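The values are calculated or read from the model by the stated rules, or taken from the named source; none is laboratory data. Note that the coordinates shown come from a computational prediction; the quantities given were computed from them, not determined experimentally. Heads up, the Cβs are rebuilt from the backbone with ideal geometry, glycines too, and the neighbour counts pull from every protein chain shown.
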Amino acid sequence: MGRYVAVLAMVFGLLPLTAIAAGPPSAEDIATQLNGAARSFVSRDADRGITNTAADSGGVAAIDLTINFEFNSAALTSDGAVLVGNLGRALNDPRLVGKRFRIEGHTDAVGGDAFNLRLSQQRAETVRRQLIARNTVDPSRIEVVGYGKSRLLDPSSPEAAVNRRVRVVNLGAD
């Protein structure tokens, strides 16, 4: 359904064609980013819901994924489930199999601190459960934490959608 809405938005000039053509980050895109050496920049591909933020990770590979959830909920949308599936395939990539990861949940600045902290933790937990159940990722390889609105990706626009994300950090070998 989301693709049809995007096509209609493109037809009426509300969305660029690249947003449809590019699609979500693939398992290969994600695996490559998480396996890569630390970078000294932040690169955003907003149309694909992917941001490489290794520079903020203390020199480890990390990626921000715009994984969509139902409004004020930890339930994945259908396109969110697709992206989590791609993440699961990436974590099972031979380049990443021996590594551990932290799934960080983040929210925008709408709502109270306690609510956002709880919601971000629940969303990170949802992603972890999906990775384990649907992609058979070993549970010992995944830890989760919710940061709420305390670590905004775009502090100049605290209510922006870019702040609502799941960040995946490569913690290194088991």
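What to note about this one:
- Of the criteria (1) in contact with an Asp or Glu (Cβ under 6 Å, 6 or more places away or on another chain); (2) not in a strand (DSSP E or B), which one Arg102 fails: (2)
- Identity of the residue in the range 107-118, touching a strand residue (DSSP E or B) at 6+ places or on another chain (Cβ under 9 Å) and at pLDDT 95 or above, that ends up farthest from Arg164 (Cα to Cα): Arg118
- Among (1) in contact (Cβ under 8 Å) with a residue 40 or more places away in the chain; (2) within 24 Å of Ala27 (Cβ to Cβ) - the single one Val110 does not satisfy: (2)
- Applying the set (1) under 14 Å from the mean Cα position of the chain (by Cα); (2) touching a residue at least 40 places away in the same chain (Cβ under 8 Å); (3) within 12 Å of Arg167 (Cβ to Cβ) to Glu125 leaves exactly one unmet item: (3).
- Tally of residues being crowded, with 16+ Cβ neighbours inside 10 Å and either polar (S, T, N, Q) or part of a loop (DSSP other than H, G, I, E, B) (or both) across the range 155-171: 3
- Unique residue being over 15 Å from Ile30 (Cβ atoms), in a helix (DSSP H, G or I), at pLDDT 95 or above and not polar (S, T, N, Q) when the list is Ala90, Ala133: Ala133
- Of all residues in the range 144-154, at least one satisfies being within 18 Å of Gln33 (Cα to Cα), touching a Lys or Arg at 6+ places or on another chain (Cβ under 7 Å) and either among the acidic types (Asp, Glu) or not in a helix (DSSP H, G or I) (or both).
- Breaking point among (1) part of a loop (DSSP other than H, G, I, E, B); (2) of a type outside the set (A, V, I, L, M); (3) touching a Phe, Trp or Tyr at 6+ places or on another chain (Cβ under 8 Å), for Gly111: (3)
- Residue within the range 89-107 that is more than 24 Å from Arg141 (Cβ to Cβ) and surrounded by 18 or more Cβ atoms within 10 Å (Cβ to Cβ) present: yes
- Residues of the range 108-143 classified as among the β-branched types (Val, Ile, Thr), under 20 Å from Leu34 (Cβ atoms) and surrounded by fewer than 16 Cβ atoms within 10 Å (Cβ to Cβ), total: 2
- Residues (surrounded by fewer than 19 Cβ atoms within 10 Å (Cβ to Cβ) and part of a helix (DSSP H, G or I)) located in the range 71-87: Ser78, Asp79, Ala81, Val82, Gly85
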